[in-house]
1. Do you know which residues across region 28-50 are of a type in the set (A, V, I, L, M, F, W, C) and without any contact (Cβ under 8 Å) to a residue 12 or more places away in the chain?
2. Would a scan of region 12-20 turn up a residue that is modelled with pLDDT under 80 and either within 11 Å of the chain's Cα centre (by Cα) or not basic (K, R) (or both)?
3. Report, by residue number, each residue of region 51-70 that is free of Cβ contacts under 8 Å to residues at least 24 places away in the same chain and over 18 Å from I26 (Cβ atoms).
4. Given the residues A56, A75, which is the only one that is loosely packed, with under 10 Cβ neighbours inside 10 Å and modelled with pLDDT of 85 or more?
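The values are calculated or read from the model by the stated rules, or taken from the named source; none is laboratory data. Being a predicted model, the structure only gives us computed values, none of them experimental. Positions of Cβ are backbone-derived with ideal geometry, glycine not excepted, and every protein chain shown enters the neighbour counts.
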Amino acid sequence: MSPKIFSYKNLPKNRVIRITLGILFIIGGILGALPILGFWMFPIGLLFLSVDFAIARRWRRRIEVWWGRRKKRRASKK
């Protein structure tokens, strides 16, 4: 079982705010070459949207599983 990377308790309770923030973060991630905005914003936007949309939840879960397996492989090589 992979480690829990994301917790829902710190997200806004209002669904409209979560969706708006998620979309804004993803747009900021797409504009990652600009100063301040960056590629780090894309995964955060995906996390916000994963609360309300099943497809984003699946993508987040796949990334979570991939990251856990990657960490396990790297730890076993040492």
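1. Within region 28-50, L31, A33, L34, I36, L37, F39, W40 qualify.
2. Of region 12-20, the ones modelled with pLDDT under 80 are 12-13.
Add one more test, that the residue is either within 11 Å of the chain's Cα centre (by Cα) or not basic (K, R) (or both), and what stays is 12.
Yes, region 12-20 has at least one match.
3. W66, R70
4. Working: A56 fails: loosely packed, with under 10 Cβ neighbours inside 10 Å.
Sole residue among the options that is loosely packed, with under 10 Cβ neighbours inside 10 Å and modelled with pLDDT of 85 or more: A75.
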